């Protein structure tokens, strides 16, 4: 069994499009989280980025 967003992205039609977008947003979120963990950005910048990703979702 594949993780949720990957499984959705591998479906056909609208589900595939939604799943692909979810995967893209997930990748962006974790990229920002890693930047925060590596002290490249501060907590406020992480929160702002996450807020923007929530609006997109």
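Of the residues making up the stretch 13-29, those that are part of a helix (DSSP H, G or I) and either in contact with a helix residue (DSSP H, G or I) (Cβ under 7 Å, 6 or more places away or on another chain) or surrounded by fewer than 11 Cβ atoms within 10 Å (Cβ to Cβ) (or both) are 14, 15, 16, 18, 19, 20, 22, 23, 25, 26, 28, 29. Can you say whether residue 49 is surrounded by 11 or more Cβ atoms within 10 Å (Cβ to Cβ), in contact with a helix residue (DSSP H, G or I) (Cβ under 8 Å, 6 or more places away or on another chain) and modelled with pLDDT under 85, as far as the supplied structure shows? Spelling it out, it is not the case that residue 49 is surrounded by 11 or more Cβ atoms within 10 Å (Cβ to Cβ), in contact with a helix residue (DSSP H, G or I) (Cβ under 8 Å, 6 or more places away or on another chain) and modelled with pLDDT under 85. Out of all the residues in the stretch 34-44, is one or more surrounded by 11 or more Cβ atoms within 10 Å (Cβ to Cβ) and in contact (Cβ under 8 Å) with a residue 12 or more places away in the chain? Among the residues of the stretch 34-44, not one is surrounded by 11 or more Cβ atoms within 10 Å (Cβ to Cβ) and in contact (Cβ under 8 Å) with a residue 12 or more places away in the chain, which makes the answer no.
The values are calculated or read from the model by the stated rules, or taken from the named source; none is laboratory data. The shown structure was predicted, so the numbers you read here are calculated from the model rather than taken from an experiment. Here Cβ is always computed from backbone atoms with ideal geometry, including for glycine, and neighbour counts include all displayed protein chains.
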